[in-house]
1. When the residues of the range B:5-51 are narrowed to those that are among the hydrophobic types (A, V, I, L, M, F, W, C) and touching a strand residue (DSSP E or B) at 6+ places or on another chain (Cβ under 7 Å), which ends up nearest to B:Gly234 (Cα to Cα)?
2. Could you count how many residues in the range B:187-211 are crowded, with 22+ Cβ neighbours inside 10 Å and closer than 23 Å to B:Asp106 by Cβ?
3. From the list B:Thr98, B:Thr144, which one is in contact (Cβ under 8 Å) with a residue 60 or more places away in the chain, within 18 Å of the chain's Cα centre (by Cα) and either facing chain A (nearest Cβ under 8 Å) or within 21 Å of A:Gly306 (Cα to Cα) (or both)?
4. So B:Leu41 clears everything in (1) more than 8 Å from chain A (Cβ to nearest Cβ); (2) of a type in the set (A, V, I, L, M); (3) surrounded by fewer than 24 Cβ atoms within 10 Å (Cβ to Cβ) except one condition, right? Which one?
5. Hey, which of the helices (runs of 4 or more DSSP H) in the range B:199-295, taking only ones fully inside, have at least 3 residues that are at the interface with chain A (Cβ under 9 Å from one of its Cβ atoms), modelled with pLDDT of 90 or more and within 14 Å of the chain's Cα centre (by Cα)?
6. From the residues in the range A:53-81 that are touching a Gly at 6+ places or on another chain (Cβ under 7 Å) and of a type in the set (A, V, I, L, M), which one is nearest to the other protein chains (Cβ to nearest Cβ)?
7. Checking B:Thr270 against (1) among the polar types (S, T, N, Q); (2) farther than 22 Å from A:Met125 by Cβ; (3) out of contact with any Asp or Glu (no Cβ under 7 Å at 6 or more places or on another chain): exactly one of these is not met. Which one?
Amino acid sequence: MTETYTVQRWTRRSVTCTAVLGALFVLLLAAPALVSGNVVNHLTTLFVYVILAITWNALAGYGGLVSVGQQMFFGFGAYAVIRLSAAGMPVYAALALGGAASGLLAWGLSSFMLQLRGGEFSIGMWVLATLVQLLVSLDPIVQGATGTSLLALNGFDPGARRDDTYWLGLVMMAGVALALFLLLRSRLGAALQAIRDDEGAALSVGVRVAPAKRIMFLLAALGAGMAGSVWLASSISFQPNTYFGVQWTAYMIFMTLVGGIGTFEGPIIGAVLFFAIEAAFGDLGVWYLIGVGVAAMGFALLFPQGIWGWLDRRFALKLLPVGYVLRLQSGGPRGLGRGFARPQGAAKAPTPELPGEMRVSGQS
Amino acid sequence: MDLLNDLLQGLLLGGYYALLASGLSFLFGVMRVINLAHGSLAVLGAFIMMVIYTTLGISPLAGLALMLPVMALLGVVLQLLILEPSLKSGPLVPLLATFGLALFTDNVLFSVFGADTQGFAADIGDLSYNSWSIGPLYVSQLDTLIFATAVAVLGGLQVLLSKTQIGRMIRATAEDEDAARLSGVDTRTVRVCASALAMVMVGLAGAALGARGSFDPYAGGPQLIYAFEAVVIGGTGSLWGTLIGGVVLGIAQTLGGSIDTHLTEIAGHTVFLAVLIVRLGRGGGIGSYFRTLRMRFV
């Protein structure tokens, strides 16, 4: 047996896809010069949804933590912008720091919240979100439920402001996606994907589960805070009830579940789909929310792998290289090497049963 | 004397929270599922009761008597359609599915009944405002009734679980499903019964919610939070811990509210967080608390 294995990360398809995404980013950067203001506004909304979906999936899909309280970080990010701006900070600097404020809050909370398990963590986060909302409403600058506005933005030309907000959203979305992409490709990424597949098993083979979860928790809070800042920049007004509403979490769950929880591409597809559904049915108001609830139930129970998870399993699509492809190179007679990894490389080889990216391919 | 009155009102409010928490805690004990739709289902119960007694033109109490079987039936449906399938597929699915159910329930209620706040106060006559006066203190009859109901529910549950055949089956299913099945227990049916029972408790909590104040289609979220807080605070690891947790939460809210109305909820959440941090700091973790709870409770 002279079988050897090479671990491959980039496939031709993923190289192409990454290049396409890079080109798309450049195109999107130039979009305000190319499309109407209305389209720019819509795209900004889409970016916020993508940020929310990616980061919620990072937390639930990879960290195994279902938070129903991410609206806390969304609202707190926006609130931090209001506060920083009121304290005299240039408004765009404040907008850039909103996410960091939420990350800081999450860092404090992570010391005890991450010890909670399952549903306890879920509701615990919701309680915290309610508490933060109540405390923010007490701030005289917010004026209770009435809310306030990011007045500093009124000094800018509406057109320029719209474009600036768009670029802010685009850069933050790309930054969050890139950060998660690099994290998943790092050593930590292997740990995260192991936690995703089986937390107990990951712990038993020496994966340091707690730090990995903490990083996902911080990333998710950072992302939600950024999304809140961008939302504030595009709507200007800040009402605690809207920003701290649990519907944000409902949207995140919907986008992630429909797209495919625990996959990198899934939530992005989910966000685009949610954006399209909202554009088509948002006018239906409450019936649209009923549909979101039914879809969340239906996907969780009947189709838990989501659209991307299904496509991935069915067609072995791998658009972005966050996993490993193991290729078997047989030096002996052809056919001997067929089958799955067992010898030398096996220690590093993932088992063939794992869903998603970790897949052992047969003889190439 | 104000302080004494606040403590008394907090104690009585705690009865409501204990009643609200009993269904959540029981379902968790049997199935290890935290039902994120718990609060929304309690609000649904209140709406069902209101519809029954207003359309049939009967007394609210008769409406309650008819609502509870409906809730039990909903419990069966909930178990068969949502909980049973989700139990098989990992720890995330029950949370996601019940959250979807909460969103669905809230918005269906909103589309049918609109945003108006509802309440039974006008229909339950004297009960809504009658009180006994003990010296300078006033004890609301309704709040006392709700407190007594909570005690009766928790006591009844204890008797059911420790003395009856179905109670033993529920405990066996919760402890070790495979062993229970080997001993001839139809665990699937047992879980259906447990879910129906939990929903009856949820229905009682919904009736209490409507009788003692107002509710609207989106009142479910806060009710879930209060119920969860009561369960966590009452961490003595016994059936009656739920009652103690409810009372502590009620007193915290009443005392906070007596300082400033804004502080009502903040005080409750703060006590919850403080208990949580202290308990986690002791290293046991809330998970082990729930495990001890399950051992004694179920």
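1. Here the residue is B:Leu12.
2. 14
3. Exactly one residue qualifies, and that residue is B:Thr98.
4. (3)
5. In the range B:199-295, the matching helices (runs of 4 or more DSSP H) lie at B:220-233.
6. My answer is A:Ala53.
7. Exception for B:Thr270: condition (2).
Rundown of residues vs (1) of a type in the set (Gly, Ala, Ser); (2) surrounded by fewer than 14 Cβ atoms within 10 Å (Cβ to Cβ); (3) over 21 Å from A:Ile51 (Cβ atoms); (4) assigned by TED's automatic domain parsing to the domain that holds A:Val39, yes/no style:
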position	(1), (2), (3), (4)
A:Ala279	yes, yes, no, yes
A:Leu284	no, yes, yes, yes
A:Gly298	yes, no, yes, yes
A:Leu302	no, yes, yes, yes
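The values are calculated or read from the model by the stated rules, or taken from the named source; none is laboratory data. Here the structure is a predicted model, which means the values were calculated and not measured. Quick reminder, even Gly has a Cβ in these numbers, built from the backbone with ideal geometry, and neighbours come from all protein chains shown.
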